[in-house]
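A quick write-up on the structure given underneath.
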Amino acid sequence: MYLVIFNSIAAAFGLVMTDSFGEWSFLLQFLLFTMFAEYTTQAIVNLLKEKKGWRSFLDNRLFLKNVIVILFVIMAHNFDVLLGTKDAILTGCIYYYLSHGWILIVDNSAKAGVPIPPILLKAIDLLRTKKDDTNKNNNNLE
């Protein structure tokens, strides 16, 4: 009896996930790993540098931000379905949040005292510069 209930719940969960995100891909898996790494590195910085204690694992606002990111990814998949763009919007959305997430992970790692390879720091500065240029161009369009 319990096995039937468990299997029914697992099937319903799988149905909801497939309908929300589309086909499971490595890109989606990588985004979830990045979210976990962001959360973990932020909690480590809170413990080591900011001396916030173990409550920082529970009070971390980054978790709530990642919930919103997941909602945007679901929305991007639904736009792809509506427009028939075969995951183009979803892929762009995921790449945006991946680049943002890895910048945050490297920043948190540097705050925790982990040495960062200089080439990686140059790449992140380049990404930040491009992001600032894009924001300026978007502001000019308004």
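None of the figures in this text is laboratory data; all of them are computed from the coordinates on show. Quick caveat, the model's predicted, so the values are computed rather than measured. Every residue, glycine as well, gets a Cβ built from its backbone with ideal geometry; the counts of neighbours run over all protein chains shown.
Here is how the numbers come out for the structure above:
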{"quantity": "Theoretical FRET efficiency, 1/(1+(r/R0)^6), r = Cβ-Cβ of Ile116 and Tyr96, R0 25 Å, to 0.05", "calculated": "0.70"}
{"quantity": "Segment Lys49-Leu64, extension gain: residue separation times 0.36 nm, minus the distance between their alpha carbons", "calculated": "3.2 nm"}
